[in-house]
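Novice: Take a look at this one; I'll ask things after.
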Amino acid sequence: MGTSQLNAEGLRQSLEHLAQRHGIDQWDLGASCSDDTSVQVDRGEAKQMKAAQRSAITVRAWNTDGLVGITSTSDLSAEGLERALLGASEASAFGNPDDAPAFSPLATAALQPLEQPLHEPVNILQLLDTLKDAERELLGRHAAIGTVPYNGLAQRRSQRLYLNSAGAARQQAMTTASLYLYARAEQSGRKPRSAGAVRLAYGAGDLDIAGCIDEAAERTISHLDYAPITTGRYTCVFSPEAFLDLIGAFSSLFNARAVLDGVSLSTRESLGQQLASPCLNLHDNGLHPGNIGASSFDGEGTPTRRLTLLEGGVLRQFLHSEATARAFGVAPTGHAGMGAKVSVGPDYFEVGPAGSSAASGGAAGLDHSRHQGPLVLIDSLSALHAGVKASQGSFSLPFDGWLMDNGQRVSIEAATVAGDIRSVLNNLIGFEGAAKVTPDGVCPHVWVEGLSITGEA
């Protein structure tokens, strides 16, 4: 199924007709489909060239008792839709009466327009030539860079929609492209060192290929001259990417679904409490211009919007679906997936200093090059799935980074950073530099005191 086949009005008419025929009064549908093209290379040769059409359609139906059933399919024919609707209706008899989702009250509210230019796809052979050139240039940056083992250039044209029997009709089309380069450098008698970079854009022709090559090369080369680090407690400076990864791993702190399920460190009573340093503001803003591939509505049709999570370190709001918002007596926030039990998740974090620009100047005015004493710069974190215990707040993660001491910057051979996310948030002492736009959010460099660093024995 191609993206051109996803017709909202046609689907609506089909479903209304089928629902009327089978006596189903309440239903909704979420659908997404995409045309994807991607290439990978290995030392100047094509490693993989792939084109795929994907589709995912979810239909929910409610019975007269208010219970919901759900079915997934990829068949958009009249027969396929009828099977899905009937399957969902039959499954509603087994719905959970204690957790029955309803339509979002905002599913027909006005959407904020997004500036998302649509690009025509590039020929796959052109993608291949572009990636070969990028790999060749990256390999030529330093004699020690022998391979670029992980790389990829991809483009996607996609469409998504949400319809319900109460008149909601959401539709969005977009194009996106991505480039990933991860280089490996090796010198005689030394351990191999690796680093990478990623770039996103609305079309393959808009990708910052030169910037991606430069960043991958600079980060890889900067780790060649390494030394062990002494185990101890250090003031750490997180790169924007590393801090966003850490916040993302503990996003259950702000997730109303996790709160209700008892798997979050937060509770209902946490709202209004001081969760972090007073210098920290945290927003979730799926509409940020830097969020390539942003969605204007969530899986329930609720409009995406900017949401204040932490203000001056105080927990102000949770991320909600319709069901969690109903339980808390608030409005849905536009962070829902779609399912019988609806998931909740963040869109795109904004991290920054609290207060006015004048008040936050001190917090944002830190400079690691002038810092007296040892300082650990954490460039990237690894093993986030294995090293994070989100419901307990603890983490122990290998990282790549540097030790700054007396003006000298030396790559750390191998080390692990460990701690508790609540301590990290409370021991955050400020920010350095301008906020950087990344694929996961917007964030400056973040300073945190007293983290435990374990060097390789």
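No lab work stands behind these numbers, since they all come straight from the coordinates. All figures in this text were calculated on a predicted structure; none of them were measured in a lab. Quick reminder, even Gly has a Cβ in these numbers, built from the backbone with ideal geometry, and neighbours come from all protein chains shown.
Novice: Say we look at the stretch 49-87 and pick out the residues that are surrounded by fewer than 18 Cβ atoms within 10 Å (Cβ to Cβ) and among the basic types (Lys, Arg); which of these is farthest from Gly337 (Cα to Cα)?
Specialist: Of everything passing the filter in the stretch 49-87, Lys50 is farthest from Gly337 (Cα to Cα).
Novice: Pull up the stretch 204-225, narrow it to residues that are of a type in the set (A, V, I, L, M) and touching a residue at least 24 places away in the same chain (Cβ under 8 Å), then point me to the one that is farthest from Ala154 (Cα to Cα).
Specialist: Leu224
Novice: Hey, does the stretch 313-326 have a residue that's touching a residue at least 24 places away in the same chain (Cβ under 8 Å), hydrophobic (A, V, I, L, M, F, W, C), under 25 Å from Ser423 (Cβ atoms) and out of contact with any strand residue (DSSP E or B) (no Cβ under 6 Å at 6 or more places or on another chain)?
Specialist: yes
Novice: Please work out which one of (1) within 22 Å of Ala46 (Cα to Cα); (2) β-branched (Val, Ile, Thr); (3) part of a loop (DSSP other than H, G, I, E, B) is the condition Thr108 fails and give its number.
Specialist: Only one criterion in (1) within 22 Å of Ala46 (Cα to Cα); (2) β-branched (Val, Ile, Thr); (3) part of a loop (DSSP other than H, G, I, E, B) is unmet by Thr108, namely (1).
Novice: Okay, next question. Of all the strands (runs of 3 or more DSSP E) wholly in the stretch 118-211, which have at least 2 residues that are farther than 28 Å from Gly290 by Cα and touching a strand residue (DSSP E or B) at 6+ places or on another chain (Cβ under 9 Å)?
Specialist: Result: 145-164, 169-185.
Novice: So Gly290 passes all but one of these: (1) surrounded by fewer than 21 Cβ atoms within 10 Å (Cβ to Cβ); (2) touching a Leu at 6+ places or on another chain (Cβ under 8 Å). Which condition number does it fail?
Specialist: Of everything listed in (1) surrounded by fewer than 21 Cβ atoms within 10 Å (Cβ to Cβ); (2) touching a Leu at 6+ places or on another chain (Cβ under 8 Å), Gly290 misses just condition (2).
Novice: Hey, does the stretch 199-219 have a residue that's of a type in the set (Ser, Thr, Tyr) and more than 30 Å from Ser391 (Cβ to Cβ)?
Specialist: Yes; the residues of the stretch 199-219 include at least one that is of a type in the set (Ser, Thr, Tyr) and more than 30 Å from Ser391 (Cβ to Cβ).
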